[in-house]
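Chemist: Mind having a look at this structure? Questions to follow.
The values are calculated or read from the model by the stated rules, or taken from the named source; none is laboratory data. Treat the numbers as computed from the prediction; the structure is a model and nothing was measured. Methodologically, a virtual Cβ is constructed for each residue, glycine included, from the backbone with ideal geometry; neighbour enumeration extends over all protein chains shown. Please note that ligands, DNA and RNA were not included when accessible areas were found on the heavy atoms of the full protein model with its side chains. Shrake-Rupley method; radii C 1.70, N 1.55, O 1.52, S 1.80 Å.
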Amino acid sequence: MARPAPLSGFPELLPGERIVEEHITATVRRVFSLHGYAGIETRAVEPLDRLVAKGETSKEVYLLRRLHADETDTTDDRTLGLHFDLTVPLARYVVENAGRLQFPFKRFQIQKAWRGERPQEGRYREFLQADIDVVGADELPFHYEVEAVLVAAHALNALTGDGLPAVRIGVNNRKVSQGFYEGVGVTDVEGTLRTIDKLDKIGDDGVRAVLTDQIGLTRSQAEAALELARISGTGAEVEARVRNLGVSHPLLEEGLGQLRALVDAAGAEVPGVVTADLRIARGLDYYTGTVYETVLVGHEDLGSICSGGRYDSLATDGRRTYPGVGLSIGVSRLTSRVLSAGLMHATRSVPAAVLVAVTDEDERARSNADAAGLRARGIPAEVAPSAAKFGKQIRYADRRGIPFVWFPAGTRRERAEVKDIRSGEQVAADAAAWTPPADDLWPRVLPGPAPA
């Protein structure tokens, strides 16, 4: 059989790498839970018409259909797509279960999503996200926009002790941008927002050309939009610089007040993490208030690792509207940089802390019994694959990173013994009582690259 070629954009991690990813998800899950968010999981597919209606994503949606579907088939098989984020599925989930949920509904969701875009480092076609959202019924107080960014900051800060660099979260408020654009006479606000969102990709000249040639802005309107996008800093600094532009609009005033309140509150709880940055727009049409983007300090080239915002009309059943706010941590993107830059590593790539040696194949049952005794007390153990010479079994454990080798009692020894193959220390032991040091019980994730 020919060696299969890797499929671009669909990452598969090695066991040690997977331990690092699981550590990241376990850490953020714990922080989300500490803040009262309940875990859910939604289906992988959504109606195609709903997926393609949410901003510039229609060209990225994967269609789901049966291989031999009849062209005249009108079942859902022809109208389903894999979800490209976890917010659109959440909106549907909330509407369908509104009568059984308590509002405000606070949920976290750690799940795969799919986008048909060009793969590159940190950007995949299949990827893992970790989301939090708060959804209200008919209304949602602004303070949840503050809470969302603080929870995300705490989740990411919890990983800094394990080797993750500091994060910087930039925030804007769509009301600031929309109010400013309307104040200078822009009619296509959504088109202007989507274009400003491309500043990092196409630069000032590219944005200026799109705004004037395609969106229909005048030269002065385009320059004003770019000038607004250049503003960043503390809440007070941003408010003063925006006012100096001389534009007045009620929505602009409301947005500036909320933006300053959020940045000031974040500065008090997580100093130095959250700043106002008016170039942040977020390309999806459903955002209506605060929007967020997060970068790793020193790794800004990776792009945003955590983003989201406020949305007011994404979830509705025609009678009630369920506004929400949330953020999504790109676990796959974050993990890719953590691994490629050697920011974290697993102490071993297998769960087993102990390899139970096999003296002779006729005595394998004894080895299995000792392993079962260890496992019964929560000690991960595996049994050697063959009754090779003990030196070979020890080398097998060493290659796998297993720190201890267990030698059962039998014809060669009266009592079982356990050997720490790192130090060479070997002592008598009892499978019903012996326990490895806490640091060796399970694989751990430590800062820095793995030892050579």
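Chemist: Only residues that are part of a strand (DSSP E or B) and open to solvent by 70 Å² or more (accessible area, probe 1.4 Å): list them for region 400-446, please.
Modeler: GLN426
Chemist: Would you call VAL135 farther than 19 Å from ASP277 by Cβ and surrounded by 22 or more Cβ atoms within 10 Å (Cβ to Cβ)?
Modeler: yes
Chemist: Scan region 331-341 and give yes if some residue there is in a loop (DSSP other than H, G, I, E, B), under 41 Å from the mean Cα position of the chain (by Cα) and closer than 30 Å to GLY298 by Cα, otherwise no.
Modeler: yes
Chemist: So GLY378 ticks every box in (1) in contact with a Ser or Thr (Cβ under 8 Å, 6 or more places away or on another chain); (2) under 30 Å from GLY161 (Cα atoms); (3) surrounded by fewer than 17 Cβ atoms within 10 Å (Cβ to Cβ) but one. Which box is left unticked?
Modeler: With (1) in contact with a Ser or Thr (Cβ under 8 Å, 6 or more places away or on another chain); (2) under 30 Å from GLY161 (Cα atoms); (3) surrounded by fewer than 17 Cβ atoms within 10 Å (Cβ to Cβ) applied to GLY378, the lone miss is (1).
Chemist: Mind checking which pairs have a first residue in region 434-450 that is farther than 25 Å from ALA341 by Cα and a second that is among the β-branched types (Val, Ile, Thr) and surrounded by fewer than 16 Cβ atoms within 10 Å (Cβ to Cβ), Cβ under 9 Å, 6 or more apart or different chains?
Modeler: If the second residue must be among the β-branched types (Val, Ile, Thr) and surrounded by fewer than 16 Cβ atoms within 10 Å (Cβ to Cβ), the pairs left are TRP434/VAL427; LEU441/THR435.
Chemist: Another question about this same structure. All but one of (1) modelled with pLDDT under 95; (2) in contact with a helix residue (DSSP H, G or I) (Cβ under 7 Å, 6 or more places away or on another chain) hold for THR359; which doesn't?
Modeler: Just one mismatch for THR359, condition (2).
Chemist: Identify the residue in region 22-33 that is in contact (Cβ under 8 Å) with a residue 60 or more places away in the chain and open to solvent by 20 Å² or more (accessible area, probe 1.4 Å) and, among all such residues, is nearest to GLU147 (Cα to Cα).
Modeler: Of region 22-33, the ones in contact (Cβ under 8 Å) with a residue 60 or more places away in the chain are 23-25, 27-33.
Filter once more, so that each one left must be open to solvent by 20 Å² or more (accessible area, probe 1.4 Å): 23, 27, 29-30, 33.
Working: HIS23: 24, THR27: 18, ARG29: 16, ARG30: 16, SER33: 14 Å.
Among them, the one singled out is SER33.
Chemist: With a cut-off of at least 3 residues that are more than 14 Å from the chain's Cα centre (by Cα), name the strands (runs of 3 or more DSSP E) lying wholly within region 72-189. Spell out the reasoning first.
Modeler: Values: elements: 80-82, 105-114, 126-135, 167-173.
Here the list reads 80-82, 105-114, 167-173.
Chemist: Those residues that are crowded, with 23+ Cβ neighbours inside 10 Å and of a type in the set (D, E, K, R), I need them from region 305-355; list them, please.
Modeler: ARG310
Chemist: Of all the residues that make up region 286-306, how many are within 13 Å of ARG168 (Cα to Cα), assigned to a strand (DSSP E or B) and not hydroxyl-bearing (Ser, Thr, Tyr)?
Modeler: 4
Chemist: Does region 242-283 hold any residues that are charged (D, E, K, R), touching a residue at least 40 places away in the same chain (Cβ under 8 Å) and at negative phi, and which are they? Talk me through it step by step, then tell me what you get.
Modeler: Within region 242-283, the first condition is being charged (D, E, K, R), and the residues that meet it are 243, 253-254, 260, 264, 269, 277, 279, 282.
Narrowing further to those that are touching a residue at least 40 places away in the same chain (Cβ under 8 Å): 253-254, 269, 277, 279, 282.
Correct list: GLU253, GLU254, GLU269, ASP277, ARG279.
Chemist: So, ASP277, is that one of a type outside the set (S, T, N, Q), open to solvent by 40 Å² or more (accessible area, probe 1.4 Å) and more than 16 Å from VAL146 (Cβ to Cβ) or not?
Modeler: no
Chemist: Another question about this same structure. Do you know which residues across region 197-250 are open to solvent by less than 60 Å² (accessible area, probe 1.4 Å), in a loop (DSSP other than H, G, I, E, B) and either over 24 Å from ASP285 (Cβ atoms) or of a type in the set (Ser, Thr, Tyr) (or both)?
Modeler: The answer is LEU245, and nothing else.
Chemist: In region 12-39, how many residues are closer than 22 Å to LEU327 by Cβ and not in a helix (DSSP H, G or I)?
Modeler: 5
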